[in-house]
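*Asks:* So that we are looking at the same thing, I have put the structure below in structure tokens.
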Amino acid sequence: MPSIKKRINLTVDNKTYSALEKLSRKTQQKISTVSLNLIHQALELQEDMYFSKIADKRLSQKQKRVPHDKAW
């Protein structure tokens, strides 16, 4: 039965592979699982940075603000 997940093939240098291998042993997970978890963390970080830029831009604008407790 084919998997519904998409497959990605990555080629990494020896230093990166060694770091993944060490983390894999430390967490007792497969290298692929460790790699996927790191990709998820990186995507979340990118999303946080994106929304932080939007928030900083909004905060820099002079406009009337409603406190959180009064908004709800």
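The values are calculated or read from the model by the stated rules, or taken from the named source; none is laboratory data. Everything numeric in this text was worked out from a predicted model, so none of it was measured. In this analysis, Cβ positions are derived from the backbone assuming ideal geometry, glycine residues included, and neighbour counts consider all displayed protein chains. Only protein heavy atoms, including side chains, enter the accessible area calculation; ligands, DNA and RNA are left aside. Shrake-Rupley method; radii C 1.70, N 1.55, O 1.52, S 1.80 Å.
*Asks:* Read phi for every residue in the range 61-72 and hand back ³J(HN,Hα) as whole Hz from Karplus 6.51 cos²θ - 1.76 cosθ + 1.60, θ = phi - 60°, with x for Gly and Pro.
*Replies:* 7, 7, 7, 5, 10, 9, x, 4, 5, 7, 6, 10
*Asks:* Shifting gears a bit: Ranked highest first by average number of other Cβ atoms within 10 Å, how do 48-57, 1-10, 21-30 line up?
*Replies:* Sorting 48-57, 1-10, 21-30 by mean packing, highest first, produces 21-30, 48-57, 1-10.
*Asks:* Using a 1.4 angstrom probe on the protein heavy atoms only, could you order 40, 68 from most to least accessible area?
*Replies:* Per-residue accessible area, sorted high to low, gives 68, 40.
*Asks:* Can you tell me the orientation of helix 14-27 relative to the chain, as the angle in degrees between its alpha-carbon axis and the longest Cα principal axis, to the nearest 10?
*Replies:* The two axes meet at around 80 degrees.
*Asks:* What whole-number value in Å² describes the accessible area per residue of the chain for a 1.4 Å probe?
*Replies:* 106
*Asks:* What is the gain in length, in nm to one decimal, between residue 54 and residue 17 on full extension, counting 0.36 nm per residue of separation less the C-alpha to C-alpha distance?
*Replies:* 9.8 nm
*Asks:* Okay, moving on. Mind pulling the angle between the C-alpha long axis of helix 31-60 and the longest principal axis of the chain? Nearest 10 degrees, somewhere in 0 to 90.
*Replies:* 20
*Asks:* Size of the chain along its principal axes in angstrom, Cα-based, largest extent first?
*Replies:* The Cα atoms of the chain stretch 53, 35, 22 Å along the principal axes, largest first.
*Asks:* Per residue of the chain, what 222 nm ellipticity follows from adding -39500 (n - 2.57) for every DSSP H run with n ≥ 4, rounded to the nearest 500?
*Replies:* Rounded to the nearest 500, it is -22000 deg cm²/dmol.
*Asks:* Under 10 Å, Cα contacts only: if you run a Gaussian network model on the chain, which one of 43, 20, 59 comes out with the highest mean-square fluctuation?
*Replies:* Greatest mean-square fluctuation among the candidates belongs to 59.
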